[in-house]
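Nothing in this text is a laboratory measurement; each read-out follows from the coordinates by a stated rule. Just so you know, these numbers come straight off a predicted model, no measurement behind them. Using ideal geometry, Cβ is built from the backbone for each residue, glycine included, and neighbour counts are taken over all protein chains shown.
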Amino acid sequence: MREKPLTLCKYFAEAMKHALFFSALLLTCLLTGCRQGRYATFSGYAQGGTYTVKADLTGVSVPAARIHEQIDAILDSIDFSLSGYNKNSLLTHFNEGEEIVPDRFFTGVRALSEKYRAETGGAFDAASAPLFDIWGFGFTSDSLPDPQRVTAALAACKEEKKLNFNAIAQGYTCDVVADYLHSLGVKNMLVDIGEIFCEGVNPSGQGWTIGVDNPVDGNDTPGSDIRSIWQSDGGACGIVTSGNYRKFYVKDGKKYAHTIDPRTGYPVTHDLLSATVVAPTAAEADALATACMVIGPEQAEALIESRPELEGYLITSEGSWMSDGFAARAKMTDIP
């Protein structure tokens, strides 16, 4: 029996609305990990949402319960390092101007952020926290800043005294969990922590299938309206979708997208609704999907096509585009 496609957004909490049987099953999964044949499924709460990890434990000597504990420990450690919502995290202390001793997660994600900022010409920039804050898409309330505040925020970004890892942290976390599973000898896995890393095959022996939501206003339930389904070829990769259709606010009749261009200090105005990127790692897919949403459909298409290791799927208000590699493994729904 073929598995149903997963979505790129958090969906597992919806299961808690089902019958008591499914609630009991969920509780069992949370506490001990569910096993289906050779595969184990681990689920829980992380980074403001839920996570699901599926792994083929054939040949693995570590008990499933211990693996679950280690996954939770990794997620907790990353939260206390990189979360801007955790008041005790290293990132929070750094942003408050305090001296910190960076751990491996902080050091690793900051180095990757610098790499992707250089590769995208500043379209991805973790040092843009001051901009995110004044536009209301960081850790403060919604606002509509005047030009003077935007100019001041741009200058503050150059000082790199305040960081926001939201556009890479979940993808990076997927990679860290995948590395742990690799250390156990796991070869077939899917790690879903809002973003996705997958490798090998699913319990049916097929490549993992991932659903891409239809990016239209009002589609607030992940998985309820699927635009296309992508299937992996078994290779290790990250797959991430970034979009503007769920996160925005309207003031004085004008819609402001949550994607801020770090180069200008203002929300983007092009018609790219969502960008799905497949890359060798989930961190890279996460960062580049964000960059694509900044630079717009034409430049995003050029970026994806310039690098053979990338695949992409772009949806605009006028239609969609897929790279050849993505299209070869994607099935479109009846949406034009």
| message | Please list, ordered by chain and number, the residues whose modelled amide H lies under 5 Å from the amide H of G312; skip anything fewer than 5 residues away on the same chain. | response | V278, S323, F326
| query | Using alpha carbon centroids, what distance separates segment 58-109 and segment 160-203, in Å? | reply | 13
| message | Once you compute Rg and the Kirkwood Rh from C-alpha atoms, what is the Rg to Rh ratio for segment 38-124? | response | 1.08
| remark: Karplus-derived 3J(HN,Hα) from phi for segment 232-237 (6.51 cos²θ - 1.76 cosθ + 1.60, θ = phi - 60°), whole Hz, x at Gly and Pro, runs 6, 9, x, x, 6, 6
| query | Can you pick out the pairs among K87/K115; K115/K158; K54/K115; K115/K162; K87/K162; K54/K187 whose Cα atoms lie more than 23 Å from each other? | reply | K87/K115; K54/K115
| Derived scalar couplings ³J(HN,Hα) [segment 69-74; Karplus, 6.51 cos²θ - 1.76 cosθ + 1.60; whole Hz; x for Gly, Pro] | 4, 5, 4, 4, 5, 4
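Report D for segment 285-325 in µm² per second (integer): Stokes-Einstein, Kirkwood Rh on Cα pairs, 25 °C, 0.890 mPa s. Please report the intermediate quantities before stating the final value.
On the way: Rh = 10.3 Å.
After rounding, the answer is 239 µm²/s.
Peptides 57-63, 90-96: what's the order by average Cβ count within 10 Å, highest mean first?
Values: 57-63: 13.4, 90-96: 18.0.
Top to bottom by mean Cβ count within 10 Å: 90-96, 57-63.
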